[in-house]
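The values are calculated or read from the model by the stated rules, or taken from the named source; none is laboratory data. Everything numeric in this text was worked out from a predicted model, so none of it was measured. Cβ: placed from backbone, ideal geometry, glycine included. Neighbour counts: every protein chain shown. When the accessible area is computed, the model is the full protein with side chains, heavy atoms only, and any ligands, DNA or RNA have been set aside. Shrake-Rupley method; radii C 1.70, N 1.55, O 1.52, S 1.80 Å.
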Amino acid sequence: MQLDIERLISDFGGPAVLCEAFNQAFPDDPLSRAAIYKWRERGSIPLAQVNRLSVVAQQQGRSFSIHHYLAAEGSPAVTIPVVTASQPQVSNMSDRLYIFDTTLRDGEQSPGAAMTKDEKIRIARQLEKLGVDIIEAGFAAASPGDADAIRAIAEVIKDSTVCSLARANPNDVRAAGEAIRPAARGRIHTFIATSPIHMEKKLRMTPDQVVEAAVAAVKLAREYTDDVEFSAEDALRSDIDFLARIFSAVIEAGATTLNVPDTVGYAVPQRTEAFFRELIGKTKGGDKVIWSAHCHNDLGMAVANSLAAVLGGARQVECTINGLGERAGNASLEEVVMAVKTRQDIFGVHTGVDATQIVPSSKLVSTITGYPVQPNKAIVGANAFAHESGIHQDGVLKHRETYEIMSAESVGWSTNRLTLGKLSGRNAFRTKLEALGIVLDSEEALNTAFARFKELADKKREIFDEDLQALVSDEATQHEHDALKLVSMRVHTETGEVPQAEIVISQNGNEQRAASSGSGPVDAAFKAIENLMQSGSELLLYSVNAITSGTDSQGEVTVRLSRSGRVVNGQGADTDIVVASAKAYLDALARLAGQEQKVNPQV
């Protein structure tokens with residue numbers, strides 16, 4: 001195949017016009033006319049520039065596909081309206097892909113990943129900064145705490161739509177409607193199961209009753225907002241004709257977004273694409289709504305199935321930061337966004353996401369939930385842009401695009417260094433926190449955080465954004481659980497000797513002291529805490545993660561405890577890993593004591 005460079009450049013108005021349009025779209029990475037002439041000489045265009053040409057074309061109000069300029073060797077290049085079996089064939093389909101983030105709802109259903117209201121607000125602010133279209137802030141009927149958190153998020157978020165989940169019953173829908181009331185843009189997301197096994201075994205309802213409940217829920221939701229989403233739980237295992245029937249009914253009732261979830265992660269990409277295309281065609285009014293995909297990762301195909309749904313006609317993808325979620329998790333937002341951005345030639349859609357905020361968002365969610373990102377995770381893993389192979393290193397040094405299909409900078413890897421030091425003042429510190437989306441609610445809280453920043457600056461030569469996120473999270477945790485906190489600790493360890501730990505804990509203002517030995521300093525510290533607390537809990541997970549690089553990095557520790565069927569994560573951070581471990585254990589104990597019971601639905 002050969003590329004008709006001359007015609008491509010001509011279609012953009014010639015080298016001068018193309019150069020100007022390109023530089024207006026990407027002022028931080030300008031393109032010269034000489035580079036365009038080199039494209040013509042080589043007969044090829046770098047992949048990254050092909051993707052950028054798509055953006056330039058979109059800004060000019062027209063479509064662009066590199067396939068239109070391809071022809072077989074020796075044949076004249078002609079304009080071909082490319083339509084393949086992998087491309088949606090819906091006449092009025094938009095090229096805008098909406099990103100629906102459910103980190104605060106479905107992501108929170110990961111074992112032990114429950115978040116406080118303040119933590120949810122911090123993540124919501126970052127999601128808004130990321131450019132997420134819809135933030136599913138929680139499930140209002142789950143608990144009073146969930147409803148309160150959704151309401152608080154609705155009050156502070158202005159650019160993104162704030163959404164609450166609701167089962168298809170009046171109590172849930174009304175709770176969701178009240179929770180989103182303060183939002184500049186609010187959505188109610190109501191759902192009911194539609195697969196035969198769910199209707200018979202779980203709901204114990206007939207198909208007619210399910211349709212009736214769905215329609216009633218949508219009509220009630222419309223009393224609170226014009227933006228109503230309906231989900232058919234376990235849709236990918238449902239009868240497609242019944243789905244078309246229930247979706248047609250809820251469209252008539254006023255639903256504007258229809259979600260087709262793969263609730264149990266059973267689907268495969270080829271079938272998913274075909275399923276969406278057939279379902280859209282069979283649904284009355286299907287061309288007047290936005291179709292959505294919500295895929296779980298039980299077979300490791302959540303992202304692949306979500307992208308297949310896009311090819312089949314979906315224009316909303318429901319996903320989470322880092323793929324967080326119950327069981328094996330959800331589709332990863334970062335992977336979906338960068339896939340459609342990098343392979344514009346295949347998907348032909350664009351999002352409103354600011355890709356440079358992907359890595360900061362990932363690190364914030366990891367810090368708050370205690371779920372570290374594996375090094376080989378796509379896009380946001382520590383190894384995502386590392387090259388061990390000598391051949392790969394040589395190729396990248398000669399020309400980055402030999403082995404990298406996107407740059408580390410494009411997803412935010414180079415933007416985490418803090419320019420503050422121990423001589424920096426409170427105003428500079430406050431400004432930096434605000435830039436990170438951290439808003440402290442009082443001068444006292446700012447003073448406390450600033451004092452801890454000064455202490456950290458004395459211990460660490462370099463301070464990073466992640467250090468600040470961990471510092472604020474650690475401070476918030478201690479403030480929230482003032483009834484139980486670490487006062488002091490002394491640990492003795494020596495080769496050939498049994499480690500010893502002495503610990504002082506403040507419980508409701510009363511200091512208590514205990515000591516213990518253990519197989520290591522952390523084990524000794526945990527046993528000393530248990531000698532005082534007698535919690536009866538089981539340690540399920542102990543995880544240590546370096547927040548940044550260097551031997552002076554803060555250690556971030558996650559402790560997962562279980563008691564009477566309840567599972568919680570505790571976090572602690574400190575440059576001393578044993579101190580961080582004790583903080584994390586105490587945080588987990590405090591969460592066990594204070595965690596409220598709530599319902600966790602599956603969609």
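Summary of values
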{"read-out": "So residue 6, is it open to solvent by 70 Å² or more (accessible area, probe 1.4 Å), in contact with a Lys or Arg (Cβ under 9 Å, 6 or more places away or on another chain) and at pLDDT 75 or above", "value": "yes"}
{"read-out": "Residues within segment 326-350 that are open to solvent by 10 Å² or more (accessible area, probe 1.4 Å) and in a loop (DSSP other than H, G, I, E, B), tallied", "value": "5"}
{"read-out": "Where residue 476 falls short, out of the listed (1) at pLDDT below 80; (2) over 31 Å from the mean Cα position of the chain (by Cα); (3) among the aliphatic types (A, V, I, L, M)", "value": "(2)"}
{"read-out": "Residue list for segment 578-593, filter: within 28 Å of the chain's Cα centre (by Cα) and of a type in the set (Val, Ile, Thr)", "value": "none"}
{"read-out": "Selected residue (only one of 274, 244 is touching a Leu at 6+ places or on another chain (Cβ under 7 Å) and not in a loop (DSSP other than H, G, I, E, B))", "value": "244"}
{"read-out": "First in segment 351-378 and surrounded by 20 or more Cβ atoms within 10 Å (Cβ to Cβ), second anywhere and among the charged types (D, E, K, R) and at pLDDT 90 or above, Cβ under 6 Å, 6 or more apart", "value": "357/129; 358/334; 368/119"}
{"read-out": "Residue identified as small (Gly, Ala, Ser) and without any contact (Cβ under 8 Å) to a residue 60 or more places away in the chain among 145, 131, 138", "value": "138"}
{"read-out": "Count - residues of segment 31-56 that are open to solvent by 40 Å² or more (accessible area, probe 1.4 Å) and either closer than 19 Å to residue 406 by Cβ or within 27 Å of the chain's Cα centre (by Cα) (or both)", "value": "4"}
{"read-out": "Of all residues making up segment 278-306, the number that are more than 25 Å from the chain's Cα centre (by Cα), buried (at least 21 other Cβ atoms within 10 Å of the Cβ) and outside any loop (DSSP other than H, G, I, E, B)", "value": "2"}
{"read-out": "Tabulated pairs, segment 239-253, first hydroxyl-bearing (Ser, Thr, Tyr), second crowded, with 17+ Cβ neighbours inside 10 Å, C-beta under 9 angstrom, 6+ apart or interchain", "value": "248/283; 248/286"}
{"read-out": "Per-region count, segment 111-120, residues in contact with a helix residue (DSSP H, G or I) (Cβ under 7 Å, 6 or more places away or on another chain) and part of a loop (DSSP other than H, G, I, E, B)", "value": "4"}
{"read-out": "Residue in segment 495-516 that is open to solvent by 60 Å² or more (accessible area, probe 1.4 Å), under 26 Å from residue 565 (Cα atoms), among the charged types (D, E, K, R) and touching a strand residue (DSSP E or B) at 6+ places or on another chain (Cβ under 9 Å) present", "value": "no"}
{"read-out": "Close pairs (8 angstrom Cβ cut-off, 6 or more residues apart or separate chains): within 21 Å of residue 408 (Cβ to Cβ) in segment 36-58, open to solvent by less than 30 Å² (accessible area, probe 1.4 Å) and at pLDDT below 75 anywhere", "value": "50/66"}
{"read-out": "Odd one out for residue 565, checked against (1) under 29 Å from the mean Cα position of the chain (by Cα); (2) at pLDDT below 90; (3) open to solvent by less than 70 Å² (accessible area, probe 1.4 Å)", "value": "(3)"}
{"read-out": "Which listed residue is in contact with a helix residue (DSSP H, G or I) (Cβ under 8 Å, 6 or more places away or on another chain), at pLDDT below 75 and under 26 Å from residue 95 (Cα atoms), from 21, 48", "value": "48"}
{"read-out": "Selection status of residue 255, out of contact with any strand residue (DSSP E or B) (no Cβ under 8 Å at 6 or more places or on another chain) and either assigned to a helix (DSSP H, G or I) or over 17 Å from residue 239 (Cβ atoms) (or both)", "value": "no"}
{"read-out": "Strands (runs of 3 or more DSSP E) enclosed by segment 121-231 - at least 3 residues per element that are open to solvent by less than 10 Å² (accessible area, probe 1.4 Å), on the phi < 0 side of the Ramachandran plot and touching a Ser or Thr at 6+ places or on another chain (Cβ under 7 Å)", "value": "134-139"}
{"read-out": "Lone unmet requirement of (1) modelled with pLDDT under 95; (2) out of contact with any Gly (no Cβ under 9 Å at 6 or more places or on another chain); (3) not polar (S, T, N, Q) for residue 307", "value": "(1)"}
{"read-out": "Neighbours by Cβ (under 7 Å, 6+ apart or cross-chain): first from segment 271-289, in contact (Cβ under 8 Å) with a residue 24 or more places away in the chain and under 16 Å from residue 231 (Cα atoms); second outside any helix (DSSP H, G or I) and open to solvent by 30 Å² or more (accessible area, probe 1.4 Å)", "value": "280/90; 289/256"}
{"read-out": "Entirely in segment 472-578, the strands (runs of 3 or more DSSP E) that have 2 or more residues that are under 18 Å from residue 455 (Cα atoms)", "value": "484-492, 555-563, 566-574"}
{"read-out": "Leading residue by the ranking (nearest to residue 130 (Cα to Cα)) among those in segment 306-322 that are in contact with a Pro (Cβ under 8 Å, 6 or more places away or on another chain) and free of Cβ contacts under 8 Å to residues at least 60 places away in the same chain", "value": "307"}
